[in-house]
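Have a look at the structure below, then the notes.
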Amino acid sequence: QVQLVESGGGLVQPGESLRLSCAASGITFSGYAMSWHRQAPGKQRELVASITSAYSTSYADPVKGRFTIFRDNVKKTAFLQMMSLKPEDTAVYYCKATVGFTDAWGLGTQVTVSS
(Lines give C-alpha, C1' and ligand atoms only; values in the text may rest on other atoms or scores of the structure.)
Protein backbone atom coordinates (compact mmCIF):
# COMPACT_ATOMS: atom_id res chain seq x y z
CA GLN A 1 0.00 0.00 0.00
CA VAL A 2 1.44 3.31 -1.11
CA GLN A 3 1.66 5.96 1.57
CA LEU A 4 3.08 9.47 1.36
CA VAL A 5 3.31 11.54 4.52
CA GLU A 6 4.20 15.23 4.37
CA SER A 7 5.65 17.15 7.30
CA GLY A 8 7.46 20.39 8.05
CA GLY A 9 4.72 22.91 7.43
CA GLY A 10 3.93 25.71 9.82
CA LEU A 11 3.51 29.42 10.38
CA VAL A 12 6.44 31.63 9.39
CA GLN A 13 7.03 35.29 8.73
CA PRO A 14 7.80 36.69 5.28
CA GLY A 15 11.42 36.13 4.33
CA GLU A 16 11.83 33.05 6.49
CA SER A 17 12.46 29.48 5.38
CA LEU A 18 10.87 26.06 5.76
CA ARG A 19 11.80 22.58 4.68
CA LEU A 20 9.02 20.18 3.80
CA SER A 21 9.51 16.43 3.83
CA CYS A 22 7.57 13.68 2.10
CA ALA A 23 8.22 10.22 3.47
CA ALA A 24 7.19 7.38 1.17
CA SER A 25 6.40 3.76 1.89
CA GLY A 26 4.99 0.92 -0.12
CA ILE A 27 6.76 1.92 -3.33
CA THR A 28 10.13 1.41 -4.99
CA PHE A 29 10.91 5.04 -4.29
CA SER A 30 13.93 5.40 -6.55
CA GLY A 31 11.86 4.63 -9.62
CA TYR A 32 9.28 7.33 -9.01
CA ALA A 33 9.24 10.93 -10.03
CA MET A 34 8.34 13.11 -7.06
CA SER A 35 6.63 16.45 -7.14
CA TRP A 36 5.29 19.08 -4.82
CA HIS A 37 2.00 20.84 -5.45
CA ARG A 38 0.12 23.47 -3.50
CA GLN A 39 -3.43 24.67 -3.17
CA ALA A 40 -4.35 28.03 -1.73
CA PRO A 41 -7.89 28.76 -0.51
CA GLY A 42 -10.21 29.32 -3.43
CA LYS A 43 -7.58 28.38 -5.99
CA GLN A 44 -6.76 25.31 -8.02
CA ARG A 45 -3.96 23.00 -7.03
CA GLU A 46 -0.77 23.92 -8.86
CA LEU A 47 2.56 22.25 -9.51
CA VAL A 48 5.41 23.82 -7.57
CA ALA A 49 8.42 21.62 -8.31
CA SER A 50 9.30 18.18 -9.57
CA ILE A 51 12.25 15.82 -9.61
CA THR A 52 12.59 12.78 -11.80
CA SER A 53 14.10 9.43 -10.89
CA ALA A 54 17.20 10.70 -12.70
CA TYR A 55 17.31 13.79 -10.45
CA SER A 56 16.24 16.23 -13.16
CA THR A 57 14.34 19.12 -11.57
CA SER A 58 11.87 21.73 -12.71
CA TYR A 59 10.13 24.63 -10.97
CA ALA A 60 7.11 26.83 -11.39
CA ASP A 61 8.05 30.40 -12.25
CA PRO A 62 6.81 31.92 -8.94
CA VAL A 63 9.23 29.79 -6.91
CA LYS A 64 12.30 29.67 -9.14
CA GLY A 65 15.38 30.74 -7.26
CA ARG A 66 13.64 30.41 -3.89
CA PHE A 67 12.59 26.75 -3.66
CA THR A 68 14.71 23.65 -4.12
CA ILE A 69 13.41 20.12 -4.54
CA PHE A 70 15.65 17.16 -3.75
CA ARG A 71 15.36 13.54 -2.79
CA ASP A 72 17.05 10.91 -0.67
CA ASN A 73 16.41 7.49 -2.16
CA VAL A 74 17.93 5.71 0.85
CA LYS A 75 15.51 7.43 3.21
CA LYS A 76 12.69 7.25 0.64
CA THR A 77 12.01 10.89 1.24
CA ALA A 78 11.50 13.91 -0.99
CA PHE A 79 12.14 17.41 0.26
CA LEU A 80 11.17 20.94 -0.63
CA GLN A 81 13.46 23.61 0.73
CA MET A 82 11.62 26.91 0.69
CA MET A 83 13.44 30.19 1.22
CA SER A 84 12.44 33.85 1.14
CA LEU A 85 8.85 32.86 1.73
CA LYS A 86 6.12 35.27 0.73
CA PRO A 87 2.52 35.58 1.88
CA GLU A 88 1.43 34.32 -1.54
CA ASP A 89 3.20 31.03 -0.79
CA THR A 90 0.52 30.31 1.81
CA ALA A 91 -1.19 27.06 0.86
CA VAL A 92 -1.55 23.40 1.65
CA TYR A 93 1.45 21.63 0.14
CA TYR A 94 1.05 18.12 -1.23
CA CYS A 95 3.60 15.67 -2.51
CA LYS A 96 2.95 13.26 -5.34
CA ALA A 97 4.74 10.14 -6.50
CA THR A 98 4.44 9.22 -10.17
CA VAL A 99 5.56 6.27 -12.23
CA GLY A 100 4.09 5.70 -15.65
CA PHE A 101 0.35 6.40 -15.38
CA THR A 102 0.24 5.77 -11.63
CA ASP A 103 0.02 8.62 -9.12
CA ALA A 104 -0.10 8.65 -5.35
CA TRP A 105 -0.75 11.72 -3.21
CA GLY A 106 -0.10 12.65 0.37
CA LEU A 107 -2.64 14.38 2.58
CA GLY A 108 -0.78 17.67 2.64
CA THR A 109 0.83 20.02 5.11
CA GLN A 110 -0.20 23.61 5.76
CA VAL A 111 2.24 26.43 5.13
CA THR A 112 1.23 29.88 6.29
CA VAL A 113 3.37 32.93 5.64
CA SER A 114 2.19 35.92 7.61
CA SER A 115 3.53 38.75 9.71
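Quick notes on this one:
- Number of positions in segment 34-45 that are surrounded by 13 or more Cβ atoms within 10 Å (Cβ to Cβ), in a loop (DSSP other than H, G, I, E, B) and of a type in the set (D, E, K, R): 1
- Failed criterion for ASP103 (all others in (1) touching a helix residue (DSSP H, G or I) at 6+ places or on another chain (Cβ under 9 Å); (2) farther than 19 Å from LEU11 by Cβ; (3) among the acidic types (Asp, Glu) hold): (1)
- Boolean, LYS75 is exposed (fewer than 13 other Cβ atoms within 10 Å of the Cβ) and at pLDDT 95 or above: yes
- Considered as a group, the residues in segment 7-33 that are open to solvent by less than 20 Å² (accessible area, probe 1.4 Å) and farther than 13 Å from THR98 by Cβ include one that is farthest from the chain's Cα centre (by Cα), and that residue is VAL12.
- Strands (runs of 3 or more DSSP E) fully within segment 46-115 that include at least 2 residues being within 11 Å of the chain's Cα centre (by Cα) and among the hydroxyl-bearing types (Ser, Thr, Tyr): 91-99.
The values are calculated or read from the model by the stated rules, or taken from the named source; none is laboratory data. For clarity, every value in this text was computed on a predicted model and none was experimentally measured. Here Cβ is always computed from backbone atoms with ideal geometry, including for glycine, and neighbour counts include all displayed protein chains. These area figures cover heavy atoms from the full protein model, side chains too; ligands, DNA and RNA do not enter into them. Shrake-Rupley method; radii C 1.70, N 1.55, O 1.52, S 1.80 Å.
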